[in-house]
1. Give me a count of the residues in the range 16-34 that are under 17 Å from the mean Cα position of the chain (by Cα) and either among the aromatic types (Phe, Trp, Tyr) or surrounded by fewer than 12 Cβ atoms within 10 Å (Cβ to Cβ) (or both).
2. Is it the case that Pro37 is loosely packed, with under 13 Cβ neighbours inside 10 Å, at pLDDT below 95 and not aliphatic (A, V, I, L, M)?
3. I'm trying to understand the selection: among the residues of the range 66-84, which are not in a loop (DSSP other than H, G, I, E, B) and not aliphatic (A, V, I, L, M)?
4. Please enumerate the residues belonging to the range 1-56 that are in contact with a Cys (Cβ under 9 Å, 6 or more places away or on another chain), closer than 17 Å to Arg70 by Cβ and either of a type in the set (S, T, N, Q) or part of a strand (DSSP E or B) (or both).
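The values are calculated or read from the model by the stated rules, or taken from the named source; none is laboratory data. Keep in mind that this is a model prediction, so the values were computed, not measured. Using ideal geometry, Cβ is built from the backbone for each residue, glycine included, and neighbour counts are taken over all protein chains shown.
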Amino acid sequence: MRNALFEAGAGRIGKYEHCSWYTQGTGTFLGGEGTTPARGEAGREQRIAELRLETVFPEELQEDVIAALRRAHPYEEPAFDVYALL
């Protein structure tokens, strides 16, 4: 994931590249009818060890960075947030 985002232009702060922050946690989900979870099974609540990744990118790269995230992420529906930094 990190490399895909970095290749799309994320993670640059000044003269530094590959800048990110991540922490371990537990993700939970319950896949409904018609889902094909990458881990676990539909119709059964799952608890999965995950990493939360945060990085930065210029606003003009948002479309490319989100597209890279969707291509690289193993989940059918990846969860992500985008916050504007002022």
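1. Qualifying residue count for the region: 8.
2. When the stated conditions are applied, Pro37 does not pass them.
3. Passing the criteria: Arg70, Arg71.
4. The one that is in contact with a Cys (Cβ under 9 Å, 6 or more places away or on another chain), closer than 17 Å to Arg70 by Cβ and either of a type in the set (S, T, N, Q) or part of a strand (DSSP E or B) (or both): Thr55.
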